[in-house]
1. Which of 42, 6 comes first, and how do the rest follow, when ranked by fewest Cβ neighbours within 10 Å?
2. Taking other Cβ within 10 Å of each residue's Cβ, how do 68, 74, 19, 33 sort, fewest first?
3. When percent of Cα pairs over 19 Å apart is calculated directly from the model, which label among (1) 67; (2) 37; (3) 61 fits?
4. Among 30, 44, 61, which one shows the biggest mean-square fluctuation in a GNM of the chain, springs joining Cα atoms closer than 10 Å?
5. Distance in nm between label sites at residue 38 and residue 8, each 7 Å beyond Cα in the beta-carbon direction?
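Please treat every number below as a calculation from the coordinates, not as lab data. What you see is a predicted model, and the numbers here were worked out from it, not measured in a lab. Because the Cβ atoms are built from the backbone with ideal geometry, glycine has one as well, and the counts that use them run over all protein chains shown.
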């Protein structure tokens, strides 16, 4: 696997936030976000989990066919900050 620079990883995380922002208030599946990013699902999940630790996204877990499926949306805390800055 190719090692991506911190700058590239940061830009991909910003792209994820853009994707989630466009679909508000609907949560998106990991595979759909990966498809929009043109990255594989495992790498996208890694980025999403890092973003979850930072409090940028919220994970919504549900049962699907064959296992647990994860959906993601922008965290309420981040939305609040964005709204305050836009005023």
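1. Values: 42 10, 6 7.
In order of increasing Cβ crowding within 10 Å: 6, 42.
2. Numbers: 68 8, 74 21, 19 17, 33 24.
Ranking 68, 74, 19, 33 by Cβ neighbours within 10 Å, fewest first, gives 68, 19, 74, 33.
3. (2)
4. Highest fluctuation of the listed residues: 61.
5. Each label point is offset 7 Å from its Cα along the Cβ direction, giving 1.3 nm.
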